[in-house]
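Below you'll find the structure, written out as structure tokens, and then a few comments.
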Amino acid sequence: MIGIGILGGAFDPIHYGHLLAAERAREEFGLKKVIFVPTASPPHKEEPEAAPQDRYRLVESAIKDNPYFLVSDCEIKRGGKSYSKDTLEELKLEWGESAQIFLILGADAASDIAAWKKIEEIPELGRFIVVNRPDFALTIDRIYLPYTRFLKIPGLDISSTEIRNRIKQGQSIKYLVPPEVEEYITAHKLYSTRA
Ligand code: ATP
Ligand code: MG
């Protein structure tokens, strides 16, 4: 059985909080790969600010030095609202029955799973790895506990929202995102117009 991690998100933009969570989950659970899956349109959130192609390219540039990391455009290609169940089914087909899929979630995302579409079908398809996130309390429904592993990582109090706000205010995002991500954002003038 090989373990495959999936980290879904808007990645608007990707930052070191995402990367550290993925790397620690990979190491702790011996995952063969971690696949970053940028959403087309997240079901429970506002539309991302950057275009799907830009968010995909940002992820691609951020993970290129890590041989265990991959990015998938399956949700962007599918379009519309992105549901984890559809993504799990698609990746399971791609990786075969011998793959055990782990959905990696920060504490905030894990607290929302009860609202997911067809959540009752997810345990047949994969397991959850939940990591701590500063300022977010974890309130996971106990019925998912048998399918959930918890992983303590160094808390990085970084969010994409904070990064977008800092850019709008002309503040530095150095050391919050990899240099390649900062370069892409600057070159494509992302996030700089005030709402
Ligand atoms: P936004 O502020 O736009 O919501 P975000 O920083 O929360 O962005 P998302 O793309 O929404 O990033 O998150 C994708 C996944 O990564 C979620 O499971 C989320 O919990 C997790 N995650 C994001 N930031 C961190 C962090 N700093 N530490 C741990 N997990 C994180
Ligand atoms: Mg978020």
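Show that you can apply the helix-only estimate: for the chain, add -39,500 (n - 2.57) for every DSSP H stretch of four or more residues, divide by all residues, and state [θ] at 222 nm to the nearest 500. Display every interim value, and only then the final one.
On the way: 8 runs with 69 residues, N = 195.
Result for the chain, helices only: -10000 deg cm²/dmol.
Mean separation of Cα pairs under 8 Å and 6+ residues apart, divided by the residue count of segment 1-69: what relative contact order is that in percent?
Working: 83 pairs, mean separation 28.9, N = 69.
Relative contact order of segment 1-69: 42 percent.
Largest first and in whole Å, the equivalent-ellipsoid semi-axes of segment 82-195 read 32, 18, 13, each the square root of five times a Cα gyration tensor eigenvalue. Among the chymotrypsin sites (Phe, Trp or Tyr not before Pro) within segment 1-83, those in coil by DSSP and having at most 15 neighbouring Cβ atoms inside 10 Å are Y68.
With a ≥ b ≥ c the root eigenvalues of the C-alpha gyration tensor of segment 58-132, is it rounded (a/c under 1.5), prolate (a/b larger than b/c) or oblate? Because its axes are fairly even, with a/c under 1.5, segment 58-132 counts as rounded.
Taking 0.36 nm per residue of separation and subtracting the Cα-Cα distance, what length does fully extending I2 through F136 add?
Working: separation 134, 0.36 × 134 = 48.24 nm, distance 3.07 nm.
Taking I2 through F136 to full extension adds about 45.2 nm, to one decimal.
Spherically averaged projected area of the convex hull of Cα atoms, segment 155-195: 2.9 nm². The value obtained for segment 2-187, namely the Cα convex hull volume divided by the number of residues, is 113 Å³ per residue.
Ligands, DNA and RNA aside, R24 has an accessible area near 90 Å² when probed at 1.4 Å.
Please report the carbon-and-sulfur percent of the accessible area for segment 54-102; probe 1.4 Å, protein heavy atoms only, DNA, RNA and ligands left out.
Working: 1230 of 2480 Å².
Result for segment 54-102: 50 percent of the exposed heavy-atom area is carbon or sulfur.
Loop-resident GluC sites (Glu not before Pro) (DSSP state other than H, G, I, E or B) in segment 54-113 with no more than 16 further Cβ atoms inside 10 Å of their Cβ: E97. If you take the charge dipole of the chain about its Cα centre, with +1 on Lys and Arg Cβ and -1 on Asp and Glu Cβ, which of A137, G30, L88 is farthest toward its positive end? Towards the positive end, the residue furthest out is A137. Simple point charges give the picture: +1 on the Cβ of Lys and Arg, -1 on the Cβ of Asp and Glu, and for segment 60-131 a dipole about the Cα centre of about 100 debye. Model label points for E180 and S192, set 7 angstrom from Cα along the Cα-to-Cβ axis, are 2.2 nm apart.
Using bins of 5 Å that start at zero, the share of Cα-Cα pairs per bin across segment 98-137 amounts to 6, 22, 28, 24, 12, 7, 1, 0, in whole %.
Taking a probe of 1.4 Å, how large is the accessible area per residue of the chain, in Å²? Could you put the intermediate results ahead of the total?
Details: 10160 Å² over 195 residues.
Accessible area per residue: 52 Å².
The values are calculated or read from the model by the stated rules, or taken from the named source; none is laboratory data. These figures come from a predicted structure and were not determined experimentally. Note that each Cβ is placed from the backbone with ideal geometry, even for glycine, and that neighbours are counted across all protein chains shown. Just so you know, the surface numbers come from the protein's heavy atoms only, side chains and all, with ligands and any DNA or RNA stripped out. Shrake-Rupley method; radii C 1.70, N 1.55, O 1.52, S 1.80 Å.
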